[in-house]
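Asks: First the structure, which I've put down as structure tokens, then a few questions once you've had a look.
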Ligand SMILES: *Cc1c(COP(=O)(O)O)cnc(C)c1O
């Protein structure tokens with residue numbers, strides 16, 4: 001499979017190179033040069049395991065890799081706390097797709113269990129002879145999942161940048177206590193968008209000027225812009241559909257809705273890829289928190305990031321510049337790279353762009369959208385717990401709230417699958433407060449409070465964090481990121 005950039009009609013690269021590079025050198029994102037057709041794929045995946053489903057999806061998009069079954073096995077076996085990997089639960093009048101059973105208790109694990117395996121294969125095979133340094137900006141969950149995934153992987157190192165004070169205390173401790181000799185986490189003053197923009201500019205500057213001095217390192221990204229992140233996320237949409245059939249809730253061919261708590265547009269875009277591969281989806285319902293730039297975009301066709309940035313109880317969605325939206329624009333414009341490039345330039349210069357009427361119409365056909373503020377989010381956590389005894393985290397609650405609005409609004413009823421992206425124990429204070437309890441100042445004591453209150457159990461990996469020593473304490477300004485990266489890369493020179 002060949003991949004091309006969303007921003008120019010230049011040369012294509014194979015899937016290994018796309019995984020290895022992360023971002024195209026022109027600043028665009030890699031997209032399949034020809035989108036694969038597989039109208040019967042979803043039928044053939046009914047009743048299959050997660051691993052079998054992953055093998056089928058990987059084979060379509062990552063076919064330059066040998067031994068895909070081996071890659072899938074290495075990525076997923078023994079890492080998740082349930083053999084189903086991404087179980088689907090019926091909760092009240094809808095379905096919850098639990099994506100948080102991996103090693104760091106967030107949905108990022110599904111993709112970041114596979115990416116390191118793919119990337120080290122690609123390093124080994126395509127061998128520029130250089131090592132790879134991965135740069136990742138995180139709004140909280142990607143950082144830890146990437147560090148865990150890449151921990152002590154041969155010939156790969158990773159630097160994670162997170163917004164200082166912009167992640168939950170548990171998320172921060174997850175990153176700052178991470179073990180491994182090939183990694184570090186750094187707090188950056190500013191918000192996620194500042195960190196993401198600064199990291200992207202490091203890629204651009206190195207691509208243009210190279211390192212000033214000899215450095216045997218290539219840069220890559222573990223952010224959701226990497227196709228190696230996107231592809232594994234397609235898998236659970238097929239799996240959820242198959243599970244609905246298995247549960248007797250639908251028959252093969254029926255349409256379903258998916259509600260997706262959205263930040264960088266990676267998760268929901270993977271769903272859209274599944275639909276393009278033939279999965280019978282009626283609508284994707286995009287759920288945003290108070291940073292509602294995306295839900296406004298779906299409703300108006302105008303993207304406007306010039307608005308206040310809020311720190312919310314769902315920090316992994318505190319994003320105003322949503323990278324993967326660029327891929328959707330590319331698809332909806334029929335692969336018009338110069339159009340996409342123009343929009344991205346407008347965004348960089350003015351913070352605003354507006355799509356054509358035709359694209360807006362397509363957006364409206366495929367997506368609905370809504371948002372929830374922190375009060376609505378907390379009320380939803382309490383309501384879902386009171387009614388169904390089911391505990392959800394704030395990100396999932398945002399999606400639940402928006403799916404409720406959507407279900408009331410839509411005339412025909414189809415099953416609604418709400419994607420649950422994190423364990424409630426990653427955000428114990430907000431969840432406990434939502435249940436009407438006063439939280440202890442110590443986040444780990446709050447985990448115990450939450451266990452006692454609800455009779456649920458904190459995942460091992462989060463429970464064990466409290467005793468771990470902090471290894472990384474650097475706090476820097478975003479202007480310092482470039483020098484920080486150069487220094488880290490040079491230190492690693494062999
Ligand atoms: C990253 C994340 C999201 C948003 O996913 P995108 O792919 O960035 O849209 C939602 N919830 C949680 C818990 C996350 O970690």
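Asks: In the set 328, 320, which member is modelled with pLDDT under 95 and buried (at least 20 other Cβ atoms within 10 Å of the Cβ)? Steps first, answer last, please.
Replies: Numbers: 328 fails: modelled with pLDDT under 95.
Criteria check complete, one pass: 320.
Asks: If I go through region 417-445 residue by residue, how many of them are crowded, with 22+ Cβ neighbours inside 10 Å, more than 19 Å from the chain's Cα centre (by Cα) and not in a helix (DSSP H, G or I)?
Replies: The qualifying residues number 0.
Asks: Return only the number of the condition from (1) closer than 28 Å to residue 28 by Cβ; (2) at pLDDT 95 or above; (3) touching a helix residue (DSSP H, G or I) at 6+ places or on another chain (Cβ under 7 Å) that residue 268 does not satisfy.
Replies: In the conditions (1) closer than 28 Å to residue 28 by Cβ; (2) at pLDDT 95 or above; (3) touching a helix residue (DSSP H, G or I) at 6+ places or on another chain (Cβ under 7 Å), residue 268 misses (3) alone.
Asks: Can you give me the ranges of the helices (runs of 4 or more DSSP H) entirely in region 23-117 with at least 2 residues that are under 30 Å from residue 407 (Cα atoms) and more than 16 Å from the ligand (Cβ to nearest atom)?
Replies: On the way: elements: 41-44, 50-61, 68-76, 108-112.
Per the criteria, 41-44, 50-61.
Asks: Take the residues in region 381-397 that are part of a loop (DSSP other than H, G, I, E, B) and in contact with a strand residue (DSSP E or B) (Cβ under 9 Å, 6 or more places away or on another chain), then tell me which one is farthest from the ligand (Cβ to nearest atom). If you could, list the steps in order and put the result at the bottom.
Replies: Taking region 381-397 first, the residues part of a loop (DSSP other than H, G, I, E, B) are 389-393.
Among the residues that remain, those that are also in contact with a strand residue (DSSP E or B) (Cβ under 9 Å, 6 or more places away or on another chain) are: 390, 392-393.
Values: 390: 17, 392: 11, 393: 7 Å.
Selected residue: 390.
Let's see how each residue does on (1) closer than 17 Å to residue 23 by Cβ; (2) in contact with a helix residue (DSSP H, G or I) (Cβ under 8 Å, 6 or more places away or on another chain); (3) outside any strand (DSSP E or B):
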site: 157; (1), (2), (3): no, yes, no
site: 162; (1), (2), (3): no, yes, no
site: 171; (1), (2), (3): no, yes, yes
site: 179; (1), (2), (3): no, no, yes
site: 188; (1), (2), (3): no, yes, no
site: 194; (1), (2), (3): no, yes, yes
site: 201; (1), (2), (3): yes, yes, yes
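Asks: Same structure again: Residue 24: buried (at least 22 other Cβ atoms within 10 Å of the Cβ), without any contact (Cβ under 8 Å) to a residue 24 or more places away in the chain and more than 19 Å from residue 277 (Cα to Cα), yes or no? Steps first, please.
Replies: On the way: buried (at least 22 other Cβ atoms within 10 Å of the Cβ): yes; without any contact (Cβ under 8 Å) to a residue 24 or more places away in the chain: yes; more than 19 Å from residue 277 (Cα to Cα): yes.
Yes, satisfied.
Asks: For residues that are within 15 Å of the ligand (Cβ to nearest atom) and in a loop (DSSP other than H, G, I, E, B), scanning just region 267-310, find the one that is nearest to residue 100 (Cα to Cα).
Replies: 289
Asks: Working only within region 426-446, note down all residues that are without any contact (Cβ under 8 Å) to a residue 40 or more places away in the chain and more than 21 Å from residue 187 (Cβ to Cβ).
Replies: Once the filter is applied, which keeps residues that are without any contact (Cβ under 8 Å) to a residue 40 or more places away in the chain and more than 21 Å from residue 187 (Cβ to Cβ), region 426-446 yields 432, 437, 438, 439, 440, 445, 446.
Asks: Could you tell me how many of the residues in region 252-265 are near the ligand (Cβ under 9 Å from one of its atoms) and more than 20 Å from residue 353 (Cα to Cα)? If you could, list the steps in order and put the result at the bottom.
Replies: Keep residues of region 252-265 that are near the ligand (Cβ under 9 Å from one of its atoms), which gives 260-265.
Add one more test, that the residue is more than 20 Å from residue 353 (Cα to Cα), and what stays is 260-261.
Counting residues in region 252-265 that are near the ligand (Cβ under 9 Å from one of its atoms) and more than 20 Å from residue 353 (Cα to Cα) gives 2.
Asks: Identify the residue in region 139-167 that is at negative phi, in contact (Cβ under 8 Å) with a residue 60 or more places away in the chain and within 12 Å of the ligand (Cβ to nearest atom) and, among all such residues, is surrounded by the fewest Cβ atoms within 10 Å (Cβ to Cβ).
Replies: Among residues in region 139-167 that are at negative phi, in contact (Cβ under 8 Å) with a residue 60 or more places away in the chain and within 12 Å of the ligand (Cβ to nearest atom), the one surrounded by the fewest Cβ atoms within 10 Å (Cβ to Cβ) is 139.
Asks: Within region 228-247, can one find any residue that is assigned to a strand (DSSP E or B) and either within 13 Å of the ligand (Cβ to nearest atom) or without any contact (Cβ under 8 Å) to a residue 12 or more places away in the chain (or both)?
Replies: Here is the first cut: in region 228-247, the ones assigned to a strand (DSSP E or B) are none.
No, region 228-247 has no match at all.
Asks: Might you let me know whether region 416-430 holds any residue that is more than 30 Å from residue 196 (Cβ to Cβ), modelled with pLDDT of 95 or more and in contact with a strand residue (DSSP E or B) (Cβ under 7 Å, 6 or more places away or on another chain)?
Replies: For region 416-430, residues more than 30 Å from residue 196 (Cβ to Cβ), modelled with pLDDT of 95 or more and in contact with a strand residue (DSSP E or B) (Cβ under 7 Å, 6 or more places away or on another chain): present.
Asks: Just to check your reading of the model, which residue among 404, 377 is under 30 Å from residue 103 (Cβ atoms), outside the structural domain of residue 300 (by TED's automatic domain parsing) and either within 15 Å of the ligand (Cβ to nearest atom) or surrounded by 15 or more Cβ atoms within 10 Å (Cβ to Cβ) (or both)?
Replies: Numbers: 404 fails: under 30 Å from residue 103 (Cβ atoms).
Of the residues listed, the single one that is under 30 Å from residue 103 (Cβ atoms), outside the structural domain of residue 300 (by TED's automatic domain parsing) and either within 15 Å of the ligand (Cβ to nearest atom) or surrounded by 15 or more Cβ atoms within 10 Å (Cβ to Cβ) (or both) is 377.
Asks: What about residue 355, is it over 30 Å from residue 250 (Cβ atoms) and more than 16 Å from the ligand (Cβ to nearest atom)? Before you say what the answer is, go through the steps one by one.
Replies: On the way: over 30 Å from residue 250 (Cβ atoms): yes; more than 16 Å from the ligand (Cβ to nearest atom): yes.
Yes: the conditions hold for residue 355.
Asks: Would you call residue 225 within 22 Å of the chain's Cα centre (by Cα), in a helix (DSSP H, G or I), within 16 Å of the ligand (Cβ to nearest atom) and within 25 Å of residue 291 (Cα to Cα)? Full working, then the answer.
Replies: Working: within 22 Å of the chain's Cα centre (by Cα): yes; in a helix (DSSP H, G or I): no; within 16 Å of the ligand (Cβ to nearest atom): yes; within 25 Å of residue 291 (Cα to Cα): yes.
Taking the combined requirement at face value, the residue does not satisfy it.
Asks: If you go through region 385-435 one residue at a time, how many are out of contact with any helix residue (DSSP H, G or I) (no Cβ under 6 Å at 6 or more places or on another chain) and under 19 Å from residue 460 (Cα atoms)?
Replies: The number of residues fulfilling the criteria is 1.
The values are calculated or read from the model by the stated rules, or taken from the named source; none is laboratory data. No experiment lies behind these values; they were computed from the predicted model shown. Here Cβ is always computed from backbone atoms with ideal geometry, including for glycine, and neighbour counts include all displayed protein chains.
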